[in-house]
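Below is one structure, written out as structure tokens, with a few remarks after it.
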Amino acid sequence: MIRLALRNLVQNKTRLLVSVGGVGLALTLVFFFDAVFTGAAGRLTLYIDRSGADVWVSQEGVRTMHMSASSLPASVTGEVAAVPGVEEAIPILYSTDMIQAKDSEHVAYVFGLPRDATFGGPWKIVDGAARAGPGEVIIDHSIAASAGLRVGDRVTVLGQELEIAGLTSGTSSLVNSVAFVTMDDFARARGQNQVISFVLVKVAADESPSGVAARIGQNVDGVTVQTSQQFAHEERKLVKDMSTDIINIMNTAGFLTGLAVVALTIYIATISRRKEYGVLKAMGARNGALYRVVVIQALVSVALGLFTGLGITLLIAALAPRISESLVLTVSLSSLLRVTVVSAVIAGVAAALPASQLARLEPVAIIRRG
Amino acid sequence: MNDRGLHVSHLTKRFGGGDTEVVAIRDVSLDVSPGEIVLIMGPSGSGKTTLLLMLGALLKPTEGAITLDGLELSALSEARLPDIRMRQFGFIFQDFNLLSALNVQDNVAFAAELAGLGRKEAHKKAAQLLTELGLGHRLRFAPEKLSGGEKQRVAIARALINDPALILADEPTANLDSGHGHETMRLLREIASERGHSVVIVSHDQRIKDIADRVLWLEDGRFTDAVSMVIDPVCGMALQVDRAAATLAHSGTTYYFCSRGCSWEFQGSPDEFVRGAVPERVR
């Protein structure tokens, strides 16, 4: 039956191409949007992942950087630093703002860092200084390039005109970038000297981040303490929750398109061989055997479409950074598993209609006349 | 009664009911011995195909019994019939009905695999059978690359691969030219004589009478006296003398026609038709 199914499938190469191409493009749609959101979510947690902090301390009840605001008294930094197991604690200020460069504006997550901070700053500098000094800012090089700016040029951040001291790489995404200023400049812009956003903690070499986080939670009032992993997880969860609807719409569109293409081609392929299936029944083939032929054809079509969709998406993912560093596509294992399950459902549903046709097919119809 | 062979007893098939009831087969009885070829002829709508379908366990009779090699097919449940069809019957169709996606050898081997034979063994057996039928050089060919005669030989090989007790052929020569038609008839004769298969053929082709052991005339769902049958010299159709639409005398012989059109055509150039077909009694 497998041989017959495969031969049936490859006999009409145009039909196979249309089927595989249609499913491939439909699944590409699903893969692509998933990869874009996964990539964007990865970029959104980039600072958390690359800051060098093991533990994040925020205002009580605040579990994410985005879609929330954390305000802590500056004195909390000292309380955190005094907790056993904490090697170093630094305060940071954080806000979403616009970088105004010449005639363009770019959304940026702006971080204010103490001048002597040993971590929490940019992790990859492609030009200029690694730390912003007073009246200076470090921005992503892609933002600078798009605005025609270089080190030494001036931009407006947090309502202040600052000089570009350095350019970072890998800190921009489709929707925003990251900028670094001194904590003093940030506080001056906000008009608050005694308030910080977060405390970043580096734990001692022989301590675990979760153990120290628990200890800080016990010793410091009015804070929420999470390891960097927990904080990034909450952040990704937030982004995912925000994008679930649109991802579901895209998945549904991809599913329905794929289903329509496979169902139609398998149906036509089955109906066009109706007589041959009738002959097989007359020869003694049972319905179950004929169902297998149809299901195998649907599964193989969808599997080829799945590989095609995955291949196209991986190709786009490989080429995208060459077009724009901000465009990062990430095909995750969960996305692959989800699309594989969707594909299996498409194959099953697509095979159902032709299978029901075969069940009703009378071999008597093959021998005509009377 | 010898258990071997096909035994049909008082077979009746009705379709519908009440005022719309149609009786396709009426109280037909028939015995076909192993190695015997029975040709069933008759006009369109006479019930030939319905009878063939019932003999092949593709259609349940309303009344009567069909027994093949001692097994009463008409009493078997639907669930058991596919296995019986697979192993006890070989079907040969007018349109050959080969699986277009499979090559010649695969087409024949597929029937054996359906019956439970392993792939290697089925292919070996198929190659052997096809070689015996003169198609050893065509094993890897696609059906579409074969001539009509070759396609029918593949269909015959497929019908024979599971060594069935009964071969059922529906107009096996209808789509073949004269040469390939004779080749197919010779093969069917060999199948019966040398392999001992019973063969039932439903056909309009007069040439098949040459290889048939018996010819039966089916009309209105029952076998009638074949002695009263004659052949229309124009269209070749067999017809009952008393039902001829027209008769004409030519050179001292009376010719019978199925329609006035055939008689008019005959009158235009009688010698052309007389040369090819003299009036003939069906055996």
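Side notes on the structure shown:
- Dipole check for the stretch B:115-262: with +1 at the C-beta of Lys and Arg, -1 at the C-beta of Asp and Glu, and the Cα centre as origin, the magnitude is about 700 Debye.
- Relative contact order for chain B, counting Cα pairs under 8 Å that sit 6 or more residues apart, in percent: 22 percent
- About the Cα centre, charge dipole magnitude for the stretch A:23-118 (Lys/Arg +1, Asp/Glu -1 at Cβ), debye: 240 debye
- The listed residues B:D106, A:D245, A:D54, once ranked by accessible area (1.4 Å probe) with the largest placed first, stand as A:D245, A:D54, B:D106.
- Selection among B:V108, B:A169, B:T49 by position relative to the dipole of chain B gives B:V108 as farthest towards the positive end (Cβ unit charges, Cα centre).
- Rounded to two decimals, the Cα radius of gyration of the stretch B:2-121 over 2.2 N^0.38 Å is 1.21.
- Choice from A:R322, A:R131, A:R115 with maximal GNM fluctuation in chain A (Cα, 10 Å cutoff): A:R322
- Between the stretch B:39-96 and the stretch B:162-241, the alpha-carbon center distance in angstrom: 17 Å
- Bridging of B:K145 to lysines at a Cα separation below 23 Å is possible for A:K13, A:K275, B:K124, B:K125, once same-chain residues fewer than 8 apart are set aside.
- Of B:S178, B:A155, B:G136, farthest towards positive along the dipole that unit charges on Lys, Arg, Asp, Glu beta carbons give the stretch B:130-182: B:G136
- Each Lys and Arg Cβ is given +1 and each Asp and Glu Cβ -1; about its Cα centre, the stretch A:224-370 then shows a dipole of about 1020 debye.
- Shape of the stretch B:45-204, Cα gyration tensor, a/c cut at 1.5: oblate
- Rel. contact order, % - alpha carbon contacts under 8 angstrom, at least six apart, the stretch A:51-141: 21 percent
- DSSP-loop chymotrypsin sites (Phe, Trp or Tyr not before Pro) across the stretch A:55-162, with at most 16 other Cβ within 10 angstrom: A:F119
- Hydrodynamic estimate: the Kirkwood radius of the stretch A:156-266 over Cα pairs, inserted into Stokes-Einstein at 37 °C and 0.692 mPa s, corresponds to D of 171 µm²/s.
- Reachable aspartates and glutamates, given that their alpha-carbon falls under 15 Å from the alpha-carbon of B:K120 and they are not under 8 places away in the same chain: B:D106
- FRET efficiency, A:R274 to B:S33 (Cβ-Cβ, R0 35 Å, nearest 0.05): 0.45
- Taking all protein chains together and rolling a 1.4 Å probe, A:K237 ends up with roughly 100 Å² accessible.
- Radius, Kirkwood style, for the stretch A:243-311 when every pair of distinct Cα atoms is counted (Å): 14.0 Å
- Excluding same-chain neighbours fewer than eight residues apart, the lysines reachable from A:K281 by a Cα-Cα span under 21 Å are B:K48, B:K60, B:K151.
- If you sort A:D34, A:D153 by accessible surface, 1.4 Å probe, largest first, the order is A:D153, A:D34.
- When the residues B:C258, B:C235 are ordered by accessible surface, computed with a 1.4 Å probe over the protein chains alone, the sequence from largest down reads B:C235, B:C258.
- Degrees, to the nearest 10: A:333-360 long Cα axis against longest axis of chain A: 20 degrees
- The figure for A:L333 is an accessible area of roughly 130 square angstrom, using a 1.4 Å probe on the protein chains alone.
- Between 0 and 90 degrees, the angle of helix B:178-195 with respect to the longest Cα principal axis of chain B falls at about 60 degrees.
- Global geometry of the stretch A:30-154, whether rounded, prolate or oblate, following the gyration tensor of its Cα atoms and the 1.5 cut on a/c: oblate
- Computed with a 1.4 Å probe over protein heavy atoms only, the accessible area of A:S169 comes to about 10 Å².
- Rounded if a/c under 1.5, otherwise prolate or oblate - chain B, Cα gyration tensor axes: oblate
- When you restrict to C-alpha pairs under 8 Å that are six or more residues apart and normalise by the size of chain A, the relative contact order lands at 30 percent.
- Within the stretch B:19-97, GluC sites (Glu not before Pro) in DSSP loop having at most 13 other beta-carbon neighbours inside 10 Å: B:E21
- The label point for A:S75 and the one for A:A145, both projected 7 Å from the Cα toward the Cβ, are 4.8 nm apart.
- Positive-end residue, the stretch A:31-127 charge dipole about Cα centroid, Cβ charges, pick of A:L113, A:W56, A:G39: A:G39
The values are calculated or read from the model by the stated rules, or taken from the named source; none is laboratory data. These figures come from a predicted structure and were not determined experimentally. All Cβ positions, glycine included, derive from the backbone under ideal geometry; neighbour counts span all protein chains shown. Areas reflect the complete protein model, heavy atoms only, side chains present, ligands, DNA and RNA absent. Shrake-Rupley method; radii C 1.70, N 1.55, O 1.52, S 1.80 Å.
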